[in-house]
Amino acid sequence: MSRRVHRAFQDLRQRRYVDAYVAWLVAILVVIINVVTTFVTNSDKLTALVMSTIVLLLGIIALATAEIRRDLEDGGPGSPRRVWRFFAGRAELSPVRERIESSSREMYIFGAQLGQIVHDALPLIERRAHEGYKISLALVNPIDSGGQPVPWIADIGVVTGFPNLDETLRANIRHLKLWHLGLQERQRRNVFIRVFRAMPTAAVIIVDPGSADGYVHVEPFLYRFSPAERPSFWIRRIDAPVLYETLLSNYLELWNSAEVISDPPS
């Protein structure tokens, strides 16, 4: 319900489906006036009940058209909202910041270098963490257990379009460590940072994994495709539960095996 109310406010701010929402409000007002008038004038209550029910149903139908129209618009090619769709590039996606804002409980982000997060979204994460939102960041660790660069890091840099990926990853990890230490205790308890040495094949974002509205965003790493040009797809639990659960299980397994660098204090 809260998600639908949030969507309604977003629609109204963007002046979308105003006619449907106005029809719904008018129906509510007519029902209220009808009920009040019935009791004031001692009119036939059965007739008033029937009329109010009909008006209320018409209002519900009007409100439902907003959902239907949103589905029709969001289901088209290049839509950033229908989460089971294919996206040809990041220009068709809603920004990560918007997804952090719109998700209600929790987010996991697995990425080769998480540049957008490190350079753009940390203030937003601080605010949401203070509100109780949990976010987990998993970066590739470019250093093996012996302190040497992992043998495939240069190749991954070529594939992902970051020839200096080793240096970028080290810098981002250092930055996130220092940033995490500077958070308030309440914020630190809701922000988790880990590193893993498994060779990455995609950037993955898991949004609200415990919710029926949860979804997984998968952006495969393609040879010499810049991040902005990479095609990606979103899988929602409600639409493809088997695939969703498989993705969720595999990436949570990766998370659980990753090295902790900044987890909240116990």
**Report entry** Which listed residue is in contact with a helix residue (DSSP H, G or I) (Cβ under 9 Å, 6 or more places away or on another chain) and farther than 19 Å from residue 211 by Cα, from 111, 147
**Finding:** 111
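Of all residues being without any contact (Cβ under 8 Å) to a residue 40 or more places away in the chain and within 18 Å of the chain's Cα centre (by Cα) in segment 221-242, which is farthest from residue 112 (Cα to Cα)? Just the residue, please.
Only one residue tops the list, namely 238.
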Report summary line: Residue count, segment 83-137, condition without any contact (Cβ under 8 Å) to a residue 40 or more places away in the chain, closer than 21 Å to residue 189 by Cβ and among the small types (Gly, Ala, Ser), comes to 1
**Report entry** Those residues of segment 220-262 which are part of a strand (DSSP E or B), under 14 Å from residue 206 (Cα atoms) and among the hydrophobic types (A, V, I, L, M, F, W, C), in sequence order
**Finding:** 233, 234, 235
Report summary line: Checked 208, 155, 213, 144 against criteria (within 23 Å of residue 120 (Cα to Cα), among the charged types (D, E, K, R) and assigned by TED's automatic domain parsing to the domain that holds residue 257); the one match is 208
Report summary line: Note: among 111, 132, just one is surrounded by fewer than 19 Cβ atoms within 10 Å (Cβ to Cβ) and either modelled with pLDDT under 85 or in the same structural domain as residue 212 (by TED's automatic domain parsing) (or both), namely 132
Report summary line: For residue 204, the lone unmet condition from (1) surrounded by fewer than 19 Cβ atoms within 10 Å (Cβ to Cβ); (2) touching a Phe, Trp or Tyr at 6+ places or on another chain (Cβ under 8 Å); (3) assigned to a strand (DSSP E or B) is (1)
Query raised in the report: For residues in segment 143-187 being surrounded by 12 or more Cβ atoms within 10 Å (Cβ to Cβ) and small (Gly, Ala, Ser), which is modelled with the lowest pLDDT?
Result: 161
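The values are calculated or read from the model by the stated rules, or taken from the named source; none is laboratory data. Just so we're clear, the structure is a prediction, and the values are computed from it rather than from any experiment. Backbone-built Cβ (ideal geometry, glycine too); neighbour counts: all protein chains shown.
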